[in-house]
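K.L.:
Just passing along the structure, written as structure tokens.
Since every read-out is calculated from the coordinates, none of them should be taken as a lab result. Remember, it's a predicted structure, so these values are computed and weren't measured experimentally. Cβ coordinates were reconstructed from backbone atoms using ideal geometry, including for glycine residues, and neighbour counts include every protein chain displayed.
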Amino acid sequence: PLGDKIRTLRKQKGYTLDRLAELSDSSKSYIWELENKDPPRPSADKISKIAVALDVTPDYLITEDVAVEDATDTAFFRKYKKMDPAIKEKIRRMSDLIGDDE
């Protein structure tokens, strides 16, 4: 569930409770409660901020059947849409170079 997903992603990124709290504009105790209380009752705003900090979508955190890869891709594309056109072009060129191996 939610707490397990947050804990797993936090640890994969090497974040402490303090670091995730800082990145998501939350308190350390709030993050701990989300990870350890059953059932947590977070606000949509907090879930959104935590999802951004963990590079996934809010849907991934609150839904059981969303794969982390899909959520990570969606979060990436959200960031990509906001990037400067020159940066987007560099990313496209890098993708073309990497994709030549297929």
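K.L.:
Straight-line reach from Lys79: which lysines have Cα under 20 Å away, leaving out those fewer than 8 places along the same chain?
P.N.:
Lys13, Lys46, Lys49, Lys88, Lys90
K.L.:
Still on this structure, please answer the following. Grab the DSSP H runs of the chain that are 4 residues or longer, score each as -39,500 (n - 2.57), total them, divide by all residues and round the 222 nm result to the nearest 500 deg cm²/dmol.
P.N.:
Result for the chain: -21000 deg cm²/dmol, rounded to the nearest 500.
K.L.:
Helix 2-12 versus the longest principal axis of the chain: what angle, 0 to 90°, nearest 10, using Cα atoms?
P.N.:
50
K.L.:
OK, next. Hey, could you get me the Stokes-Einstein D for the stretch 1-80, Kirkwood radius over alpha-carbon pairs, 25 °C and 0.890 mPa s, rounded to whole µm² s⁻¹?
P.N.:
Values: Rh = 12.3 Å.
After rounding, the answer is 199 µm²/s.
K.L.:
Looking at the stretch 1-88, which GluC sites (Glu not before Pro) are in a loop (DSSP not H, G, I, E or B) and have at most 16 other Cβ atoms within 10 Å? All intermediate terms of the calculation are to be shown ahead of the outcome.
P.N.:
Numbers: sites: Glu22, Glu33, Glu35, Glu64, Glu69; in loops: Glu64.
Counting only loop positions with at most 16 other Cβ atoms within 10 Å, the GluC sites (Glu not before Pro) in the stretch 1-88 are Glu64.
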